[in-house]
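Accompanying notes for the structure given below.
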Ligand SMILES: NC(=O)c1ccc[n+]([C@@H]2O[C@H](COP(=O)([O-])OP(=O)(O)OC[C@H]3O[C@@H](n4cnc5c(N)ncnc54)[C@H](OP(=O)(O)O)[C@@H]3O)[C@@H](O)[C@H]2O)c1
């Protein structure tokens, strides 16, 4: 695999994106940080610059604006690895009552990512190298009543990444699908009960991702034990599963 020298992080102003930025910079990777809030973006960039000697550029981008995607992609043509980290956790009950809320969740978490990764894949394929790292979720492996709209978006992403990886095999372009479990970040700050055995901080997930990218992995469950939890969950027969409250 080509040495990683320049990376872009889409969704760099919180949780996992910020941890990835810090760790990649500490390893000597030049960065382009993208997010929609210019003030937060500059705060993260100042912090990352202070911790490392790497070059850190910023770019304001609202990934929900599909009209801007060609422009975003054009600004990333010299990047070796793109980490697509952004996402939102919708209110499941609101999504059940309000199609606009469900649509917004599907748009941000699936459609906009598919648009961006599809365009980047074509550019990377033409130049013959690059890695796309897409953060999906264990929630996409099986639909559960507590978060199945979010799970639908992440499931779509996981399938999209699998197909894209298959299409790009042999082109020099690699696609990594990341499936985290529970991470303690601003996204999950409202959740009160966080059993320590299942919850991790964003630094742990970021280091798992960076190691997996360096090793050329295809799919990454992080922390590792989620692979086995999901192996069990996905094998529960439907006639039992539909009665469970997960
Ligand atoms: N936390 C978990 O338990 C968990 C578990 C599994 C998977 N994941 C996934 O991991 C990824 C990172 O999650 P996180 O916990 O780090 O979330 P987070 O703390 O809420 O950070 C999300 C980032 O995405 C940005 N973002 C959201 N929508 C955007 C848009 N339309 N345009 C530009 N930027 C946008 C946010 O910017 P603003 O600050 O401007 O909102 C923020 O920088 C997400 O894809 C999430 O679905 C999280």
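The values are calculated or read from the model by the stated rules, or taken from the named source; none is laboratory data. All figures in this text were calculated on a predicted structure; none of them were measured in a lab. Cβ coordinates were reconstructed from backbone atoms using ideal geometry, including for glycine residues, and neighbour counts include every protein chain displayed.
Among residues of the range 124-147 that are over 24 Å from residue 73 (Cα atoms) and in contact (Cβ under 8 Å) with a residue 60 or more places away in the chain, those with a beta-carbon under 7 Å from a residue that is in a helix (DSSP H, G or I) and more than 16 Å from the ligand (Cβ to nearest atom) at least six positions away or on a different chain give the pairs 141/234; 142/234.
Would you list the helices (runs of 4 or more DSSP H) that sit entirely within the range 57-151 and hold 3 or more residues that are over 30 Å from residue 169 (Cα atoms)? Fully inside the range 57-151 and qualifying: 92-97, 99-106.
Filtered by the rule that a residue be more than 9 Å from the ligand (Cβ to nearest atom), in contact with a strand residue (DSSP E or B) (Cβ under 7 Å, 6 or more places away or on another chain) and in contact (Cβ under 8 Å) with a residue 24 or more places away in the chain, the range 21-44 gives 21, 24, 25, 29, 30, 31, 32, 33. Looking at the range 167-180, can you tell me whether even one residue there is at pLDDT 95 or above, touching a strand residue (DSSP E or B) at 6+ places or on another chain (Cβ under 7 Å), in a loop (DSSP other than H, G, I, E, B) and more than 26 Å from residue 127 (Cβ to Cβ)? Checking the range 167-180: not a single residue is at pLDDT 95 or above, touching a strand residue (DSSP E or B) at 6+ places or on another chain (Cβ under 7 Å), in a loop (DSSP other than H, G, I, E, B) and more than 26 Å from residue 127 (Cβ to Cβ). Taking each residue of the range 183-196 that is within 13 Å of residue 87 (Cα to Cα) and touching a residue at least 60 places away in the same chain (Cβ under 8 Å) and looking for partners that are within 10 Å of the ligand (Cβ to nearest atom) and assigned to a loop (DSSP other than H, G, I, E, B) with beta-carbon atoms closer than 6 Å, six or more apart or interchain, yields 186/14; 187/89.
Whether a residue is closer than 20 Å to residue 123 by Cα, within 9 Å of the ligand (Cβ to nearest atom) and touching a strand residue (DSSP E or B) at 6+ places or on another chain (Cβ under 9 Å) was assessed, and residue 12 does not pass this test.
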